Amino acid sequence: MNYALEANNYLFLPNFISRERALSLAQGLQKHHALHPMPPDPLVPGAPAIYNYLPFVRLLVEKIPEVEALCEERVLPTYTYARLYSHGESLRAHEDRDACELSLTLNLDADQVWPIWLKTPGGDAVAVHLQAGDAMMYLGCQTTHWREPFQGGRCCQVFMHYVFSFGHRAYAYFDTQRAP
């Protein structure tokens, strides 16, 4: 496994996708929500969310070679999940379930930079600031992460989840639970 990922529980990935592609994906999700209202997320009441939105599943699969190169492990895709956040919403501190052994949070669009917080293996709290197109790769099942109340008006994030192909959570490939 990538030494920095293991040592810090995360990697910052600037320009994981282009800003233009990020904004286009955000616009597509917002149009989808306007036509087919998404249900509120159980972790962030009020924030519309969607499981395995097809454009994000395509991205999840497309990025497998890059994700493998970055984490230095073979991976299998599990699922994607996306939220549209509004002013004042937050995400409680939590660790993810087994299907999120290796996760990426990808900022698609926001009117204000909004850090995601996480704990390092040493217990330090670190804030990671993502611009449109930037991602953070993290060990979701062992990394406590959260967001403080959002001070902006809108933020669109997609979460891409994988498991290590030869790890003890590999059973969770192609997840079907439909919940974060």
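Values as computed for the structure displayed
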read-out: Flag for Ser86 being open to solvent by 40 Å² or more (accessible area, probe 1.4 Å), under 20 Å from Trp146 (Cβ atoms), of a type in the set (S, T, N, Q) and modelled with pLDDT of 95 or more; value: yes
read-out: Ile50 being under 24 Å from Arg92 (Cβ atoms) and either open to solvent by less than 80 Å² (accessible area, probe 1.4 Å) or β-branched (Val, Ile, Thr) (or both); value: yes
read-out: Pick from region 1-38, criterion aromatic (Phe, Trp, Tyr) and in contact (Cβ under 8 Å) with a residue 40 or more places away in the chain, ranking: surrounded by the fewest Cβ atoms within 10 Å (Cβ to Cβ); value: Phe12
read-out: Of all residues making up region 53-82, the number that are part of a loop (DSSP other than H, G, I, E, B) and either open to solvent by 30 Å² or more (accessible area, probe 1.4 Å) or among the hydroxyl-bearing types (Ser, Thr, Tyr) (or both); value: 4
read-out: Residue in region 104-128 that is surrounded by the fewest Cβ atoms within 10 Å (Cβ to Cβ), counting only those that are part of a loop (DSSP other than H, G, I, E, B) and hydrophobic (A, V, I, L, M, F, W, C); value: Val113
read-out: Ala93, sole failed condition from (1) small (Gly, Ala, Ser); (2) open to solvent by 30 Å² or more (accessible area, probe 1.4 Å); (3) outside any strand (DSSP E or B); (4) within 18 Å of Ala47 (Cβ to Cβ); value: (3)
read-out: Subset of region 138-157 [in a strand (DSSP E or B) and in contact with a helix residue (DSSP H, G or I) (Cβ under 6 Å, 6 or more places away or on another chain)]; value: Cys156
read-out: Trp146 being open to solvent by 30 Å² or more (accessible area, probe 1.4 Å), in contact (Cβ under 8 Å) with a residue 12 or more places away in the chain, closer than 20 Å to Val44 by Cα and among the aromatic types (Phe, Trp, Tyr); value: yes
read-out: Residue match in region 166-180 (condition: assigned to a strand (DSSP E or B) and either surrounded by 14 or more Cβ atoms within 10 Å (Cβ to Cβ) or acidic (Asp, Glu) (or both)); value: no
read-out: The lone exception for Ala99 - which of (1) in contact with a strand residue (DSSP E or B) (Cβ under 6 Å, 6 or more places away or on another chain); (2) exposed (fewer than 14 other Cβ atoms within 10 Å of the Cβ); (3) in contact (Cβ under 8 Å) with a residue 24 or more places away in the chain it fails; value: (2)
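The values are calculated or read from the model by the stated rules, or taken from the named source; none is laboratory data. Small disclaimer: the values here were computed from a predicted structure and weren't measured. Ideal geometry is used to build each Cβ from the backbone, glycine not excepted, and the neighbour counts take in all protein chains shown. Accessible surface is based on the protein model in full, side chains and every heavy atom, while ligands, DNA and RNA are left aside. Shrake-Rupley method; radii C 1.70, N 1.55, O 1.52, S 1.80 Å.
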